[in-house]
Amino acid sequence: MFQAESKKSGDLFEDMVLEDLSRTGIKKIDKHVVLHDVGVEADFAYKDIIGRQFYIEAKGGESKGNKRPGARRTDNVKKAIANGALIKAAYPDVQFVVYFSELPKFNSSSHKMLKNAIKAGYVDAVRYLIKL
């Protein structure tokens, strides 16, 4: 039951991310792109108007009860950073962007990991889509 609810919540967040990406004018967005040579899957992939390749990771869901969605969960943050590091190691010129449904708490482990991942170049940008 818990996993089914989490999957549904995660799928709804992916829909929000797709809508956000579509608003930027991107015409062709691929979903669930497997990078076989890297061993990871990106939630979305697209090329911008100047031909840069983007891979997108979506980590989010509802924050009901004691759930910690988005960047409040260290395992979400670690998985996103690991995927970014692996993709960037194989394809250093691509852009890797992570979307979260919640901000990390200031100065938390998640906050520090994201800050260091950006500094190291594993993640190019972090965006937050927070449902109010």
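For the range 76-132, taking the residues that are in a loop (DSSP other than H, G, I, E, B) and of a type in the set (D, E, K, R), the one that is surrounded by the most Cβ atoms within 10 Å (Cβ to Cβ) is identified as GLU102. Return the residue satisfying two criteria in turn: it lies in the range 48-58 and is surrounded by 15 or more Cβ atoms within 10 Å (Cβ to Cβ) and either of a type in the set (Val, Ile, Thr) or more than 11 Å from the chain's Cα centre (by Cα) (or both), and of such residues it is nearest to ARG127 (Cα to Cα). Applying the filter and picking the extreme gives ILE56. Inspection of the range 67-74 identifies no residue that is part of a strand (DSSP E or B), modelled with pLDDT under 95 and either touching a Ser or Thr at 6+ places or on another chain (Cβ under 9 Å) or farther than 15 Å from ALA125 by Cβ (or both).
Of all residues in the range 28-37, exactly one satisfies the criterion of being touching a residue at least 40 places away in the same chain (Cβ under 8 Å) and under 23 Å from GLY60 (Cβ atoms), namely LEU35. Within the range 42-60, being touching a residue at least 40 places away in the same chain (Cβ under 8 Å) and part of a strand (DSSP E or B) holds for ALA42, GLN53, PHE54, TYR55, ILE56, GLU57, ALA58, LYS59.
The values are calculated or read from the model by the stated rules, or taken from the named source; none is laboratory data. Remember, it's a predicted structure, so these values are computed and weren't measured experimentally. Counting neighbours? That spans all protein chains shown, and the Cβs are built from the backbone with ideal geometry, glycine included.
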